[in-house]
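Here is the structure we will look at.
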Amino acid sequence: QVQLVESGGGLVQPGGSLRLSCAASESRFRLYAMAWYRQAPGKQRELVATITSGGSTNLADSVKGRFTISRDNAKNTVYLQMNSLKPEDTAVYYCNRWPPSEYYWGQGTQVTVSS
């Protein structure tokens, strides 16, 4: 079973940038469509961005023009580059397959956007 470990979160001021990483434990990860999700306090988890095994991407309207999803199959890693961050981007960010699998939810990485 593939394990996914998210990293790269932190505290950043509005307008700042962060790059999140999601490292997979096995190379078969490259066969999967992957996604980033986030969950803000008191809210349901929401889809942020998806990327197919071939590299086609899609972004939620709320992050279009600010976030970019990418993958490096040689490193078994998916990235989320987040620019022009806003306080409403504050959440725990998770990666998982797309569609998500209950077996792959990890601990996530906290992103806090605050001055």
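Note on segment 78-111: among residues that are assigned to a helix (DSSP H, G or I) and touching a residue at least 60 places away in the same chain (Cβ under 8 Å), the one that is least open to solvent (accessible area, probe 1.4 Å) is Tyr104.
Output yes when any residue across segment 73-85 is within 12 Å of the chain's Cα centre (by Cα) and small (Gly, Ala, Ser), and no when none is.
Going through segment 73-85, the residues within 12 Å of the chain's Cα centre (by Cα) turn out to be 77-82.
Still in the list and also small (Gly, Ala, Ser): none.
No: segment 73-85 contains no residue that is within 12 Å of the chain's Cα centre (by Cα) and small (Gly, Ala, Ser).
Only one of Lys64, Lys75 is without any contact (Cβ under 8 Å) to a residue 40 or more places away in the chain, open to solvent by 60 Å² or more (accessible area, probe 1.4 Å) and within 18 Å of Ile51 (Cα to Cα). Can you tell me which? On inspection, the qualifying residue turns out to be Lys64. Cβ separations smaller than 6 Å between residues 6+ apart or across chains give the following pairs from segment 1-19 residues that are open to solvent by less than 30 Å² (accessible area, probe 1.4 Å) to residues that are of a type in the set (S, T, N, Q) and not in a loop (DSSP other than H, G, I, E, B): Glu6/Thr109. Can Asn76 be described as more than 15 Å from Glu46 (Cα to Cα) and either of a type in the set (A, V, I, L, M, F, W, C) or modelled with pLDDT of 95 or more (or both)? Here the answer is no, as Asn76 does not meet what is asked.
Residue-level analysis places Ser70 outside the set of residues that are in a loop (DSSP other than H, G, I, E, B) and surrounded by 12 or more Cβ atoms within 10 Å (Cβ to Cβ). For segment 32-61, the set of residues classified as among the aliphatic types (A, V, I, L, M) and open to solvent by less than 60 Å² (accessible area, probe 1.4 Å) consists of Ala33, Met34, Ala35, Ala40, Val48, Ala49, Ile51, Leu59, Ala60, listed by residue number.
The values are calculated or read from the model by the stated rules, or taken from the named source; none is laboratory data. Only a predicted model underlies this, so the values are computations on that prediction, with no experimental measurement involved. Reconstructed Cβ throughout: ideal geometry from the backbone, glycine too, with neighbour counts over all protein chains shown. Heavy atoms of the whole protein, side chains included, go into the accessibility calculation; ligands, DNA and RNA do not. Shrake-Rupley method; radii C 1.70, N 1.55, O 1.52, S 1.80 Å.
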